[in-house]
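Following: one structure in structure tokens, then a few remarks.
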Amino acid sequence: MTNPAATALAPEVGQRERITPAPTAAQEIVVLDYGGQYSQLIARRVRDCGVFSELLPHHVPLAEIERRKPRGIILSGGPASVYAQDAPPLDLRLLELGVPVLGICYGMQLLVHTLGGRVEQAEVGEFGRSELNVSDPGVLLAGTPREQTCWMSHRDTVFEPPPGFAALASSTASPVAAVEHTGREVYGIQFHPEVVHTPYGQQILTRFLSEVCGCERSWSAASIVEEQIRGIRAQVGEGSVICGLSGGVDSSVAALLVHKAVGDQLTCVFVDHGLMRKDEGEQVVRTFRDSFKVPLVAVDAETRFLEKLAGVSEPEAKRKAIGAEFIRVFEEEAGKLAGAAGAARFLVQGTLYSDVIESGGGTGAATIKSHHNVGGLPEDLRFELVEPLRALFKDEVRAVGAELGLPERLVWRQPFPGPGLAIRVVGGEATKERLDLLREADYILQEEIRKAGLYRELWQSFCVLPDVRTVGVQGDERTYGHVVVIRAVTSDDAMTADWARLPYELLETVASRMMGELREVNRVVLDITSKPPGTIEWE
Ligand code: XMP
């Protein structure tokens, strides 16, 4: 879930001062992004091998790379041809840093082309699965089979390695699919080791990291926790910190990290807008206040939000009303805290590494999450941001959450929109009565999905309550009741999604429970729309 406080406070935050605890992992691999679709994945896979890795734009100043003292550099793939006029070039000084360089796909072609090998433009590319024949495993491919499958995605092809380089392998359409020069510590592979369709990919990456770069497995949830705690302490000192908790995994993990670092200097504010799912509010309070003993201000603001939603049916108007009220409540609470315990100077925000990358890379560009549905805080509320998740991918955030003892239910919670159930009462006003009905229906769906062991497999699963009534017959009586829509999707990033093929038995149980237990419901339907053309939410 997007942390409502984080999003609420996001816009215009560029005007505020931002000091971020930069990761100080002892060993780092820099991945230079040449625009490939898998570039982020390379960094994630390197981290899966236990080595910290950052994705930087290919044109980052050399000093930025040197500052990180990387153990190795990986050049990613990319859409360009080395012969294109605007092809991203190779900065030859990279090869003089004294650290191994591995080029993947375009990265390899760039190395080969620049160092005097032969890359040719091809009419037909090589896309998808391909057979790799290893003629000389060298250092990079040692220990992998002579014949293996790999994943290719390129048009230009390498025909000859640069002078002094060994050709290690060929594939169906690539005479030279892997090269190395151990003396210069330059390596190249045409295929993508980072995708699952290259079965030995992770092993090859591991070889590069351990045998070539000499990295150890030192990046783990435990080491992240340790390092972030150090960073937060250094940043915050004796200052007081405020955090908007939403119950989502990002704000929860960020809050726990900060609490572990500075204890009761942190106060969390949880605004219950009455648009959460059943029992969610209590769960947040129980977890943070009761189990973790985090100072928590829980504000029951349901009535205020319902008043603002009265008479509002248009989706964007709902979002705006909720966003504006959220800021008002948060501001009031922040104001009270400032009065009570000295102004909170710091604000925790659950910015993730993917947000940092998407907003221009980790090189100091504006990196604040923003969401269209909320406005900014007034100028007189000034905070310095604490962003302990800034270097982490979502799966690492979950691992850190588990490491910190966050209950599994919170660690694995599906994303939930900031405006909550209000945008799932569609085509009409989000009244208390409708929200309550939707909440009960949703509870039944979640319970059955969990029972079937499918919760984690789904990106999101929820119910929608359209403002429609249909005729039915229940107990010999004609009814005119509500329709509940079941929406369940699989996805990796919410950019695209497929409707989930839920088992018929599960659907049957859910439907009959809804119609049996919820008097107002007389019809249950299933949404089988993918994204695109649909969106995940209905509004
Ligand atoms: P759509 O419906 O556009 O949603 O396919 C993509 C993802 O974003 C979530 N979503 C929101 N999250 N505030 C949020 O914090 C919103 O207004 C909002 N609208 C959609 C949605 O649940 C899905 O995960």
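The values are calculated or read from the model by the stated rules, or taken from the named source; none is laboratory data. Note that the coordinates shown come from a computational prediction; the quantities given were computed from them, not determined experimentally. FYI the Cβ positions are ideal-geometry reconstructions off the backbone, even for glycines, and counts take in every protein chain you see. Quick note on the areas: whole protein, heavy atoms, side chains included, nothing else; ligands and nucleic acids left out. Shrake-Rupley method; radii C 1.70, N 1.55, O 1.52, S 1.80 Å.
All conditions in (1) within 30 Å of A26 (Cβ to Cβ); (2) open to solvent by less than 30 Å² (accessible area, probe 1.4 Å) hold for D156, with the sole exception of (1). Annotation: V473 fulfils all but one of (1) more than 16 Å from the ligand (Cβ to nearest atom); (2) modelled with pLDDT of 95 or more; the unmet one is (2).
On the stretch given as the range 122-167, residues that are free of Cβ contacts under 8 Å to residues at least 24 places away in the same chain and within 16 Å of M108 (Cβ to Cβ) total 1. Given the structure, is S359 modelled with pLDDT of 80 or more and surrounded by fewer than 21 Cβ atoms within 10 Å (Cβ to Cβ)? It is false that S359 is modelled with pLDDT of 80 or more and surrounded by fewer than 21 Cβ atoms within 10 Å (Cβ to Cβ).
For the range 514-539, what are the residues that are under 16 Å from V425 (Cα atoms), in a strand (DSSP E or B) and out of contact with any helix residue (DSSP H, G or I) (no Cβ under 7 Å at 6 or more places or on another chain)? Once the filter is applied, which keeps residues that are under 16 Å from V425 (Cα atoms), in a strand (DSSP E or B) and out of contact with any helix residue (DSSP H, G or I) (no Cβ under 7 Å at 6 or more places or on another chain), the range 514-539 yields R523, V525.
Only one entry in A511, A500 is within 16 Å of the ligand (Cβ to nearest atom) and either within 30 Å of V195 (Cα to Cα) or at pLDDT 95 or above (or both), namely A500. Being touching an Asp or Glu at 6+ places or on another chain (Cβ under 9 Å), part of a loop (DSSP other than H, G, I, E, B) and either within 15 Å of the ligand (Cβ to nearest atom) or acidic (D, E) (or both) is the requirement here; does E429 meet it? So E429 passes the test. A Cβ distance below 6 Å, combined with a sequence gap of six or more or placement on separate chains, defines the contacts here; from the range 297-312, residues that are open to solvent by 40 Å² or more (accessible area, probe 1.4 Å) reach residues that are among the small types (G, A, S) in the pairs E302/G274; K308/A321. Taking strands (runs of 3 or more DSSP E) that do not extend beyond the range 174-284, which have at least 3 residues that are more than 21 Å from the chain's Cα centre (by Cα)? Of the strands (runs of 3 or more DSSP E) lying wholly inside the range 174-284, those with at least 3 residues that are more than 21 Å from the chain's Cα centre (by Cα) span 178-181, 186-189, 266-272.
Scan the range 418-433 and give yes if some residue there is closer than 30 Å to H59 by Cβ, in contact with a helix residue (DSSP H, G or I) (Cβ under 7 Å, 6 or more places away or on another chain) and at pLDDT below 95, otherwise no. Scanning the range 418-433 turns up no residue that is closer than 30 Å to H59 by Cβ, in contact with a helix residue (DSSP H, G or I) (Cβ under 7 Å, 6 or more places away or on another chain) and at pLDDT below 95.
If you go through the range 111-130 and keep only what is closer than 20 Å to V186 by Cα and either in a strand (DSSP E or B) or open to solvent by 10 Å² or more (accessible area, probe 1.4 Å) (or both), you end up with H113, T114, L115, G116, G117, R118, V119. Note on the range 407-425: among residues that are more than 12 Å from the ligand (Cβ to nearest atom) and open to solvent by less than 10 Å² (accessible area, probe 1.4 Å), the one that is nearest to Q446 (Cα to Cα) is L410. Of the numbered criteria (1) in contact with a Phe, Trp or Tyr (Cβ under 7 Å, 6 or more places away or on another chain); (2) among the β-branched types (V, I, T); (3) open to solvent by 70 Å² or more (accessible area, probe 1.4 Å), the one T496 fails is (1). Taking the range 496-513 as the range and being of a type outside the set (S, T, N, Q), in contact (Cβ under 8 Å) with a residue 24 or more places away in the chain and in a loop (DSSP other than H, G, I, E, B) as the test, the residues that pass are A500, L502, P503.
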